[in-house]
Amino acid sequence: MNRLSQLTATALLALSGTTIASPPPHWVASWQASPQPVWGSDFLFPTLIPGQLQDQTFRQNARLSLGGPRLRIRLSNAYATRPLRIGAASVAAHMGDTPRPLRFNGQPGVVIAPGQDRLSDPLSLPTADRQALQVSVYLPERTPLQTFHWDGRQTSWIAPGDQHRLPALHGASSTTARLLLSGIDVEAPASARSVVVIGDSITDGATASLDQDQRWTDHLATRLAPEGVAVVNAGISGGRLLRDGMGESALKRFQRDVLDQPGVASVIVLIGINDISWPGTAFARDETRPTLAELQAGYRDLAERAHARGLRILGATLTPFAGALPGTPLDDYYAPDKDALRQQLNAWLRTGGPFDAVIDLDAALRDPSDPSRMAAAYDSGDHLHPGDAGNRAMAEAVDLEVLLGPSTHGVDLR
């Protein structure tokens, strides 16, 4: 080979190497707790949090879907009327580890304007798929609590003073609500993607075993982690599709909780039972129940917005709820005419809905001998929310080939 041929071959090899080099990693949403406005003392349920914090540390656990070499956290001041001053924040990779400090534009603290959120600087902290982290935030000033996530299904702690760097807290009290932390992103390979599940208390995990990560999205995340796909839970207990409930409606929060999540490629929608059942109860005594056409229009709106962003969107049928919430102030949550509307909506979803595919969770959970009821093996006992076994059955009802497959509107998650 002459000198020119050698140079040409070297150049071609260099060009070839450049062409086949792996694409760079990117940020992928790996965990979420959708923010809600804190309600007043006259609401049916207690907030489970104090009215304010001052010179206190809030610590909570969060289990990632996917791990990665670096992470960043998102803190929210979504519903506040005054700026939120964060004195310091930290992350521990395991319970009992010495927490690692976080930075915001190189500083230990940050001020977050009302209605805004803020990402931390990336932190080099290698994490594994399905790893639990501890996130601590110190609030030095008097801070009225106006934004939270009510049903965390996880024990969190409030401790006096600045303890964000301590492996174990001293003098702490507990709550099952979440504060401040609304998301965790990880740096992941270019092929990694997120599936966001937007829903109500069934997705939020209302009756899943406390501190055991038994929500149906947790089980789905375990199935999808080997595929390099994260599952992000955008459930809010008491959430509704069309109207605000114990949080903004899915129509209002779809941009923030779904479309704005980094790395999202697919969406699952499981919401609407509170739209059907709240009217006439203590939650919404004087409200009119939405019509089938109004519910259909809401679903179409979500599907159109997802498709406009190139996302694949799947709908899930609403699960059985006959006899729901007995012996509670909401024992009128179920009625036969409400169930008739649920079944009409499910029939439409199965045959003519606007989604790329449908996950038939109604069929997965119903009692074969009485389809209006949840099968006893899957029922938490309140006849509305599945227990741990029901949550597992929901996750197993998701066809991964369908969820991850190609879409005429979106991308192939594989």
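The values are calculated or read from the model by the stated rules, or taken from the named source; none is laboratory data. Model, not experiment: these values are computed from the prediction. Here the Cβ is made from the backbone with ideal geometry for all residues, glycine too, and neighbour counts use every protein chain on show. Surface accessibility is based on the protein's heavy atoms, side chains included, excluding ligands, DNA and RNA. Shrake-Rupley method; radii C 1.70, N 1.55, O 1.52, S 1.80 Å.
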For the stretch 20-83, dividing by residue count, accessible area per residue (probe 1.4 Å) in Å² works out to 43 Å²
Amide H proximity to Asp121 below 5 Å, modelled H, separation 5+ or other chain, gives Arg103, Phe104, Asn105, Gly106
With the label point 7 Å along the Cα-to-beta-carbon line of Asp211 and a cut-off under 18 Å to each amide N, the hits in the stretch 168-194 are 168-179
Once all protein chains are kept in place, Ser237 shows an accessible area at probe 1.4 Å, nearest 10 Å², of 10 Å²
Once Tyr333, Tyr79 are ranked on solvent-accessible area with the largest value leading and a 1.4 Å probe, the list reads Tyr79, Tyr333
Residue by residue through the stretch 238-254, the couplings from Karplus 6.51 cos²θ - 1.76 cosθ + 1.60 with θ = phi - 60°, in Hz, x for Gly and Pro, are x, x, 10, 6, 9, 10, 5, x, 8, x, 5, 4, 4, 4, 6, 9, 4
Per the 1/(1 + (r/R0)^6) rule, R0 = 51 Å and r from the Cβ atoms of Gln343 and Arg63, FRET efficiency to 0.05 is 0.90
Applied in sequence order to the stretch 280-287, the curve 6.51 cos²θ - 1.76 cosθ + 1.60 (Karplus, θ = phi - 60°) yields integer Hz couplings, x standing for Gly and Pro, of x, 9, 4, 5, 8, 4, 9, 7
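Indicate the gyration tensor shape class of the stretch 238-347 (rounded, prolate or oblate), computed on the Cα atoms with a ≥ b ≥ c the square roots of the eigenvalues: a/c under 1.5 is rounded; otherwise a/b larger than b/c is prolate and the rest oblate. Intermediate values should be presented prior to the final figure.
Values: a/c = 2.22, a/b = 1.85, b/c = 1.20.
Note, shape of the stretch 238-347 comes out prolate.
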So the carbon and sulfur contribution to the accessible area of the stretch 100-232, 1.4 Å probe, in percent, is 48 percent
Computed over the chain, the convex hull of the Cα set has an average projected area, in nm², of 23.9 nm²
Counting only residues 5 or more apart in sequence or on a different chain, those whose built amide H sits under 5 Å from that of Phe148 are Gln36, Val38
Output row, site Asn105, 7 Å Cα→C-beta label point, backbone N cut-off 20 Å, window the stretch 54-73, residues 72-73
Nearest-0.05 FRET efficiency for Arg130 and Thr98 at R0 = 22 Å, using Cβ-Cβ distance, is 0.50
Computed over the stretch 160-264, protein heavy atoms only, probe 1.4 angstrom, the accessible area per residue in square angstrom equals 30 Å²
By accessible area (1.4 Å), largest first, Ser194, Ser124 order as Ser124, Ser194
Counting as exposed only GluC sites (Glu not before Pro) in DSSP loop states with no more than 14 other Cβ atoms inside 10 Å, the longest exposed-site-free span of the chain is 142-286
Scalar couplings 3J(HN,Hα) for the stretch 333-349 by Karplus 6.51 cos²θ - 1.76 cosθ + 1.60 (θ = phi - 60°), nearest whole Hz, x for Gly and Pro, are 4, 9, 7, x, 6, 5, 5, 4, 5, 4, 5, 5, 5, 4, 4, 5, 4
For the stretch 43-91, the percent of accessible surface on carbon and sulfur atoms (probe 1.4 angstrom, ligands and nucleic acids excluded) is 49 percent
Note: Leu400 to Arg82 extended length (0.36 nm per residue) minus current alpha-carbon separation gives 110.1 nm
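With a ≥ b ≥ c the root eigenvalues of the C-alpha gyration tensor of the stretch 57-162, is it rounded (a/c under 1.5), prolate (a/b larger than b/c) or oblate?
prolate
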Between Leu241 and residues 5 or more places away or on another chain, the pairs with built amide H atoms under 5 Å apart involve Ala250, Gly272, Asp275
With all protein chains in place and a 1.4 Å probe, Tyr334 shows an accessible area in Å² (nearest 10) of 60 Å²
